[in-house]
There are 2 protein chains.
Amino acid sequence: MLTISQLAATAGVTVRTVRHYHHVGLLPEPARDASGYRRYSAQAAVDLIRIRTLADAGVPLAHIDALLHAQPTEFASAITYIDVELQRKIDQLTDYRRRIAELASGERLVLPPEVVAILDRMRSLGVSERRIRAERDSWILMQALDSHVMPQRIRDKNASFDDPETMRLYLACDQSVDWDPHDPRLDRLIDDMDAWEIKHERDNSQPGYLKLVVSRISEASPAWQRIIDALTYRAERRRTAVSDTEVSTPATSDS
Amino acid sequence: MLTISQLAATAGVTVRTVRHYHHVGLLPEPARDASGYRRYSAQAAVDLIRIRTLADAGVPLAHIDALLHAQPTEFASAITYIDVELQRKIDQLTDYRRRIAELASGERLVLPPEVVAILDRMRSLGVSERRIRAERDSWILMQALDSHVMPQRIRDKNASFDDPETMRLYLACDQSVDWDPHDPRLDRLIDDMDAWEIKHERDNSQPGYLKLVVSRISEASPAWQRIIDALTYRAERRRTAVSDTEVSTPATSDS
DNA sequence: GGTTGACCCTGACCCTGCGTCAGGGTTGGA
DNA sequence: TCCAACCCTGACGCAGGGTCAGGGTCAACC
């Protein structure tokens with residue numbers, strides 16, 4: 001006959017675990033000897049090891065008792081289920097290993113690979129990290145709020161990166177963020193961007209595309225604020241001129 | 001800006017989980033809007049996903065904060081450690097799958113393969129299940145109490161199964177368990193066993209080997225009780241006779 | 001402007017599967 | 001006789017949330 005610690009050692013568990021199984025009624029309390037110690041038979045070792053085998057496989061203790069007393073058919077199907085679950089866990093852990101390896105680079109976990117590719121492309125084109133982070137954040141918000149527009153946006157973005165003039169302006173904007181608002185280079189940039197807007201007004205559903213590109217963090221940059229103001233003013237002037245000749249609708253002027 | 005449920009959905013966790021991470025200080029509390037709702041930035045989504053990536057990999061929440069703010073070198077070595085642990089878990093689960101498959105047959109999990117082979121051999125020789133269970137239990141107790149004698153016992157057991165006469169007596173004993181104590185077949189069996197004992201007295205360290213074989217559950221079987229009594233009596237008589245001629249030591253007689 | 005259903009808030013208790021501590025009694029070998 | 005190594009009961013603690021109670025908000029529709 002075995003003491004509780006001998007039984008526990010045989011099954012590879014702690015004494016506390018054995019007592020816990022008694023407490024929850026999973027393993028029957030054995031007879032006690034004269035001093036009140038529990039004394040176990042060899043059958044108890046068999047039972048305990050069967051219990052541990054199921055518990056190790058992830059079966060909740062509350063289900064094990066019923067399982068061990070089930071009919072062979074039910075038992076077999078339960079075992080099959082447990083095995084499938086184990087395999088699923090193995091696959092999950094394998095996936096977690098992959099994700100852990102990607103932890104070093106921030107966005108790779110959060111965004112789909114196409115967007116990560118766009119961000120990588122921006123990096124290789126020399127776009128500043130600040131701008132890239134802003135871009136990343138806007139993709140994350142887009143994904144959380146209306147993820148269905150993402151495929152179209154991804155196509156648009158790639159298309160604009162394929163156009164050299166768009167790309168040149170994009171990079172110039174990126175670099176201009178810290179310029180003085182009176183920097184003469186800014187005047188040339190505004191002229192070029194306005195020309196771009198005129199050229200693309202037809203095929204772009206919403207006008208002011210380039211304006212949108214820089215608007216998100218414009219409040220932090222006086223130079224960008226000037227770009228937006230200037231482009232808005234010119235676009236308004238153009239629209240007013242067109243309206244005057246067509247339907248005569250006055251437009252609100254914003255300095 | 002995201003609400004708590006939008007953030008949670010983005011990271012694939014529950015709202016409760018996000019609040020729990022605030023509670024334990026793992027994710028900083030964001031600013032609230034006018035009605036007291038939490039409002040999250042895209043950066044919060046990045047942070048939360050990085051937290052979940054580590055938590056899914058089994059890192060305790062209490063360690064994650066330090067990990068995310070660690071130096072690149074420490075971070076890298078921690079990641080390596082986590083990855084090793086994950087692989088260890090995968091291997092364990094794979095082993096549990098194997099064990100689960102063996103659950104159907106009781107002793108295979110508990111005893112070393114050599115002993116399982118012995119029990120299988122007994123089964124194929126036609127030994128009763130009752131006797132096999134008794135044998136199994138004695139092996140389990142032996143393993144728990146002095147496992148170092150097992151290799152020798154395994155060799156002994158296999159050797160005795162290789163001897164046809166021993167095997168015949170063993171099987172006869174097994175079958176006699178339910179016989180009437182006055183069954184005439186029992187007399188012949190006792191004669192044969194006594195002859196076996198005499199023949200093996202030299203090379204067997206302790207005498208009464210066959211007696212031991214049946215003694216363990218003898219109290220439950222009148223037939224076996226008779227076998228033991230008879231063999232004991234005859235052995236005593238032999239020992240007394242030898243003693244008388246050699247050193248003249250009287251032996252205690254136990255009827 | 002009233003209702004409805006989906007969200008949001010805090011605070012509290014509940015769950016599993018044991019670990020661990022307290023405060024004692026027992027056993028077995030030196 | 002003493003000591004370490006066991007054994008007993010009972011109780012609280014822990015991670016990582018789930019769930020319920022009891023309320024406030026928001027947005028859309030009628």
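Quick rundown of the values:
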{"read-out": "Under-5 Å amide H pairs with B:Leu27, H placed in peptide plane, nonlocal only", "value": "B:His22"}
{"read-out": "Residues whose placed amide H lies under 5 Å from that of B:Leu111, excluding near-sequence neighbours", "value": "none"}
{"read-out": "Helix-only CD estimate at 222 nm, as mean residue ellipticity for chain A, using -39500 (n - 2.57) per DSSP H run (n ≥ 4)", "value": "-22500 deg cm²/dmol"}
{"read-out": "Whole-Hz ³J(HN,Hα) from phi, Karplus 6.51 cos²θ - 1.76 cosθ + 1.60, for the stretch A:114-125, glycine and proline x", "value": "4, 6, 4, 5, 4, 4, 5, 5, 4, 4, 5, 8"}
{"read-out": "In the protein assembly as shown, lysine pairs closer than 29 Å at Cα, eight or more apart or cross-chain", "value": "7"}
{"read-out": "Calculated SAXS-style log₁₀ I(q)/I(0) at q = 0.07, 0.09, 0.10 Å⁻¹ - the protein assembly as shown, Debye, Cα scatterers", "value": "-0.67, -0.86, -0.97"}
{"read-out": "Where rotation carries B onto A, the chain B residue whose Cβ is nearest that axis, in whole Å", "value": "B:Ile90, 3"}
{"read-out": "Label 7 Å beyond Cα on the Cβ vector: B:Asp120 copy-to-copy distances, nm", "value": "5.3"}
{"read-out": "Pseudo-label separations to other copies for B:Arg39 - Cα-to-Cβ vector, 7 Å, nm", "value": "7.4"}
{"read-out": "Over chain A, relative contact order from alpha-carbon pairs under 8 Å, at least 6 apart, %", "value": "9"}
{"read-out": "Cleavage-rule hits (chymotrypsin sites (Phe, Trp or Tyr not before Pro)) in the stretch A:15-89: DSSP loop, at most 15 neighbouring Cβ within 10 angstrom", "value": "A:Tyr37"}
{"read-out": "Inter-copy label distances at B:Arg238 (7 Å, Cα→Cβ; nm, one decimal)", "value": "12.0"}
{"read-out": "Assigned charges on the beta-carbon of Lys, Arg, Asp, Glu; the protein assembly as shown dipole about Cα centre (debye)", "value": "480"}
{"read-out": "Between helix A:72-101 and chain A: long-axis angle, C-alpha atoms, 0 to 90°, nearest 10", "value": "40"}
{"read-out": "Under the Karplus curve 6.51 cos²θ - 1.76 cosθ + 1.60, θ = phi - 60°, whole-Hz ³J(HN,Hα) for the stretch A:171-186, x wherever Gly or Pro sits", "value": "5, 5, 4, 4, 6, 6, 4, 9, 5, 5, x, 9, 4, x, 4, 5"}
{"read-out": "Longest segment of chain A lacking GluC sites (Glu not before Pro) that sit in a DSSP loop with at most 16 other Cβ atoms within 10 Å", "value": "A:1-101"}
{"read-out": "Alpha carbon centroid spacing (whole Å) that separates the stretch A:149-167 from the stretch B:119-165", "value": "77"}
{"read-out": "Cβ-based charge dipole, the protein assembly as shown, positive-most Cα from A:Pro184, A:Thr14, A:Ala144", "value": "A:Thr14"}
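Read-outs: derived from the displayed coordinates by stated rules, not from any lab. Here the structure is a predicted model, which means the values were calculated and not measured. Note that each Cβ is placed from the backbone with ideal geometry, even for glycine, and that neighbours are counted across all protein chains shown.
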